[in-house]
Each structure stands twice: as structure tokens, then as C-alpha cells.
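Derivation of every value follows stated rules applied to the coordinates shown; laboratory data play no part. Note that the coordinates shown come from a computational prediction; the quantities given were computed from them, not determined experimentally. No Cβ is skipped: glycine too gets one built from the backbone with ideal geometry, and neighbour counts run over all protein chains shown.
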Amino acid sequence: MLRLGFPVVGVTDLERAVRFWTEALGLVATAEWASETWRTLDHPGGGHALGLMRSESPPEPRPRLHLDLLVDTSAEQHTEIERLVRLGAQHLEWDSYPPEPDFVVLADPDGNRFCVVDLSLAPSGG
């Protein structure tokens, strides 16, 4: 039976990416499938969360698929963005923000884009 696995992020510096993503999300690097080109990151209680794979291709400037990191309030969003930048994330100029965005676009140390989403500002969908 086909099933969905977990997201994989291409990186140029595997060890730097392991440090960033484990600190950013409180994940644990495991020995499972570990190699010079691959690391698996798990949730502390178990279960795969993210794969990191060495890649020679540059990050996409406007990726169609990306990670959303979720917070519950605007204050938490601000705090987490500051923390992620201290860990090595970068603020990006993004010309496609809607009038009242619920997200901020950042890049990891390899330049992979991701969003920090404030769920208190997310559309209600109703």
C-alpha cells in the first residue's frame, strides 16, 4: 500500500542543516539510514519528522512545495522568527505577501524557503 512519508529538504552542508533543523524544531538526529548524504530527523518521542539529503542543486527562489512552521499568536511568531534568525535563518524579501499576511517567509542556512505562520491570523475558511 502506498503511503506518504515525510518531507525531505535538499541541503549543501548536511551537518549545518542537522544543527539548524534540530534546534529550530526540537528534533533528534537518528542513526537510521545515516550516511554522508542523508540524515533522518525524528520527533523526540519517536516518529520521523524530516529528512535531510545532500544536494548540489540550488534552492528554488519560488518553491511550489515548502515547509510551514506554525505558531498560535503574533507575539510567538515574532519571538520564533528572532530565534530562527539567531540559529542561521535569513529574512527574505517577498513580493507576494497578501494585504494582511498570516505568514513570514524565511530561508534556512542553505537558502530553502519556509514560512512561519501565525494561526491566530489565518483565514477562518467559513
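For L67, the residues whose modelled amide H falls within less than 5 Å of its own, excluding neighbours fewer than 5 places apart on the same chain, are C115.
Only helices enter the 222 nm calculation for the chain: every DSSP H run of n ≥ 4 contributes -39,500 (n - 2.57), and dividing by all residues gives -6500 deg cm²/dmol, rounded to 500.
Sorting 93-99, 109-115 by their mean Cβ neighbour count within 10 Å, with the most densely packed peptide first, gives 109-115, 93-99.
Net length available on complete extension from E15 to E36 is 6.6 nm, with 0.36 nm assigned per residue and the Cα-Cα distance removed. Highest mobility in the GNM of the chain, judged by mean-square fluctuation with C-alpha springs under 10 Å and restricted to L84, L92, L52, is found for L92. Is the range 67-121 best put as rounded, prolate or oblate by its Cα gyration tensor, with a ≥ b ≥ c the root eigenvalues, rounded for a/c under 1.5, and otherwise prolate when a/b is larger than b/c, oblate when not? Oblate shape, in that a/c is at least 1.5 and b/c is the bigger or equal ratio. Whole-Hz Karplus values for the range 49-66 come out as 10, 7, x, 10, 10, 4, 9, 8, 7, x, x, 6, x, 9, x, 7, 10, 8 Hz, taken residue by residue from phi with 6.51 cos²θ - 1.76 cosθ + 1.60 and θ = phi - 60°; glycine and proline positions read x. A simple packing score, the average count of other Cβ atoms within 10 Å per residue, orders the peptides 15-22, 69-76 as 15-22, 69-76, with the highest score first.
Using the beta-carbon distance between R83 and L2 and R0 = 35 Å, what value does 1/(1 + (r/R0)^6) give for FRET efficiency, to the nearest 0.05? Calculated transfer efficiency: 0.40.
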